[in-house]
1. Give the accessible area for Ser58 in Å² (nearest 10); use a 1.4 Å probe, count only protein heavy atoms, and leave out ligands, DNA and RNA.
2. How far apart, in nanometres, would the label points at Ala74 and Arg106 be if each is projected 7 angstrom from Cα along the Cα-to-Cβ direction?
3. Tell me the label-point distance for the pair Ala30, Asp126, using the 7 Å Cα-to-Cβ offset, in nm and rounded to one decimal.
4. What percent do you get for the relative contact order of the range 71-130 when only Cα pairs under 8 Å and 6+ apart count?
5. Ranking request for peptides 95-101, 23-29, 73-79: highest mean number of other beta-carbon atoms within 10 Å first, then the rest in descending order.
Amino acid sequence: MKKRIIFLLAALLAWSSSLVAQDVLEKTVAAFREGNSRELNKCLSDNIDLTIQDSPASADRRKAEEAMAAFFSAHKVRGFSVNHQGKRDESGFIIGTLTTADGVFRVNCFFRKVRGRYSLHQIRIDRADE
């Protein structure tokens with residue numbers, strides 16, 4: 001009986017952890033679809049590696065939000081579609097296509113679990129038509 005209870009608790013913990021990871025993935029996709037840097041900020045880790053069109057930077061949440069706001073301001077978002085996504089253990093990723101008024105961009109987002117919370121730790125945005 002104790003083994004069943006332990007197994008059920010472990011399964012419940014794994015299932016709830018999976019839901020939290022999925023929630024962050026969905027929020028990230030929604031933020032890119034809307035071109036909303038504030039909503040994207042809610043998914044970011046404290047420090048993030050951000051590369052926008054071959055300009056790499058390591059930034060805190062505030063600076064990353066500012067950089068994404070500037071990007072969304074310069075490139076009016078028309079849509080975002082997910083090409084690939086996945087999660088494994090304590091990490092996940094999204095690879096998508098961001099369509100803007102002035103071009104198409106490939107977006108790579110990487111997540112990891114830190115202090116019991118999944119968060120975005122790396123974003124890379126490159127022109128897809130280069």
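1. Accessible area, nearest 10 Å²: 100 Å².
2. Output for this residue pair reads 2.0 nm.
3. The two pseudo-label positions are separated by 3.0 nm.
4. 26
5. 23-29, 95-101, 73-79
The values are calculated or read from the model by the stated rules, or taken from the named source; none is laboratory data. Bear in mind that the values here come from a model prediction, so they are computed numbers and not experimental data. Virtual Cβ from ideal backbone geometry, glycine too; neighbours counted across all protein chains shown. Each accessible area value is taken on the protein alone, full model and side chains, heavy atoms only, with ligands, DNA and RNA left out. Shrake-Rupley method; radii C 1.70, N 1.55, O 1.52, S 1.80 Å.
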